[in-house]
1. Label LYS53 and ARG33 with points 7 Å out from Cα along Cα→Cβ: what is the distance between them in nm?
2. Would you mind calculating the gained length between LEU106 and LYS43 on full extension (0.36 nm times residue separation, minus the Cα-Cα distance), in nm to one decimal?
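Please treat every number below as a calculation from the coordinates, not as lab data. Computed from a prediction, not measured in an experiment: that's the story for all the values here. Heads up, the Cβs are rebuilt from the backbone with ideal geometry, glycines too, and the neighbour counts pull from every protein chain shown.
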Amino acid sequence: MLTLNIDEIKPGMVLAHPVYNGHGVLLLESGARITKKNIRIFKSWGVPQVAVKGGSGSAESEDESGVTDVKISIENRLRKKFSDVLDDPVMAEILKAASRQLAKNLQTREHNHESN
């Protein structure tokens, strides 16, 4: 499984997790093959990234999968909290920044945990 930014996904890829909009409404089920129309819809709803099946040919460890799942969970929780203000471009940018920072903090904690 890979988590890709919305600009990196291509038609034909298969979702590893369902995709929700900022209001928690399901946009596309897990296992669905992504189309150009789906990508446009994701962009219009401000979906920053999606998890797709497959990868770069290397097997992903269970730990990496768990971290990705946590990142997606963080993103979904933030989207729910920001759902009533996502029409404001400033608030949408704050959401993106918060998401990046939380993901960075998660990676730092994981790295520190592995070092100990």
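1. Rounded to a tenth, the inter-label distance reads 1.1 nm.
2. Values: separation 63, 0.36 × 63 = 22.68 nm, distance 2.53 nm.
The span from LEU106 to LYS43 would gain 20.1 nm if fully extended.
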